[in-house]
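Note sheet for the following structure.
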Amino acid sequence: MRLPSWLSQHLAALRALLVLTVLLGLAYPLAFVALGRLPGLSGKADGSLVANGSTLIGQAFTDADGNPVTRYFQSRPSAAGDGYDPTSTSASNLGPNSVVDTADSPSLLTQVCARSLAVGKLEGVDGRRPFCTTDGVGAVLAVFHRDGFTGPVTRVVSVNQTGTPFIATYDGVTVGPARNGEDYQALGGVITPVRGDAPVDPVVPADAVTASASGLDPDISPAYAALQVPRIARERGLSEDAVRALVKENTDDRALGFLGEPGVNVLTLNIALDRQK
């Protein structure tokens, strides 16, 4: 007896549903679970957990007040929640045009300037960067012209400083401090970053002053690790060569030899440091 076409179509759909459920809902996931149990893969499948956390997720090595613990290598900054929060993974969403501070938050430029100054102080090196003031904010002026965007300069304001401006005059006009709540760009000022006399290639690497896209990056660059070696050696009473050897042991090369950049896993490096006598 031939079934009606509508019933045949429904039975075919039901058979396809059952087959795909078994294949994709049971067999496929179970196969990958079994694959993750293979020797050499089980640790990664479980999240690469170690006694002090996960080697896949960055963490801060700071005290209760947020100050760096000088015996440890420091991670790169994080914009994920209060820092390295896996439930709030994100970037700051601030771009290269973020140069003017607001009442609610500092600009990306000021964040970079402040971090660079702090890292320089911690490591005993020159923390200056282009377009940064000596007190760690963005060196940015609002320049007012007589004819809008052209003509003689009539007024200049250091938009990120309410105290003494980082330069006294600009184009022959005295630079004034900013007032809280004033939007100088809306008032007609031309936002003008000032480069200053900082080195072209800052001593403090970029990853020491910028957060990663996820906010959870567990690695730092070899350059940032090298910058911290003298401090770590001094604080732990080790030779710099011994610390450099540990850095090398905890450095991952480019994926497949050509993708990305080498990275130093901060957690595994600090664990290796604690194992030194």
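The values are calculated or read from the model by the stated rules, or taken from the named source; none is laboratory data. The shown structure was predicted, so the numbers you read here are calculated from the model rather than taken from an experiment. Backbone-built Cβ (ideal geometry, glycine too); neighbour counts: all protein chains shown.
Once segment 236-277 is narrowed to residues that are in contact (Cβ under 8 Å) with a residue 40 or more places away in the chain and exposed (fewer than 15 other Cβ atoms within 10 Å of the Cβ), the residue that is farthest from Ile220 (Cα to Cα) is Gln276. Taking the numbered list (1) outside the structural domain of Val243 (by TED's automatic domain parsing); (2) surrounded by fewer than 20 Cβ atoms within 10 Å (Cβ to Cβ); (3) more than 27 Å from Leu273 (Cβ to Cβ); (4) of a type outside the set (D, E, K, R) in turn, Thr87 passes all entries but (1). Among the numbered conditions (1) buried (at least 16 other Cβ atoms within 10 Å of the Cβ); (2) at pLDDT 95 or above, the only one that Ser214 does not meet is (2).
Just to be sure, is Ala223 closer than 16 Å to Ala272 by Cβ, in a helix (DSSP H, G or I), over 12 Å from the mean Cα position of the chain (by Cα) and among the small types (Gly, Ala, Ser)? In short, no.
Segment 130-202 holds strands (runs of 3 or more DSSP E) entirely within its bounds, and those carrying 1 or more residues that are in contact with a Phe, Trp or Tyr (Cβ under 8 Å, 6 or more places away or on another chain) and closer than 15 Å to Val99 by Cα map to 140-145, 153-158, 190-193. Applying a threshold of 7 Å to beta carbon distances and a minimum spacing of six or more residues, or different chains, the list of pairs starting in segment 137-163 at a residue that is without any contact (Cβ under 8 Å) to a residue 40 or more places away in the chain and surrounded by fewer than 20 Cβ atoms within 10 Å (Cβ to Cβ) and ending at one that is polar (S, T, N, Q) and assigned to a strand (DSSP E or B) reads Arg146/Thr154.
Given the criteria part of a strand (DSSP E or B) and either at pLDDT 95 or above or in the same structural domain as Thr154 (by TED's automatic domain parsing) (or both), does Ile232 qualify? So Ile232 fails the test. Taking (1) in contact (Cβ under 8 Å) with a residue 24 or more places away in the chain; (2) over 29 Å from the mean Cα position of the chain (by Cα) in turn, Gly215 satisfies each apart from (2).
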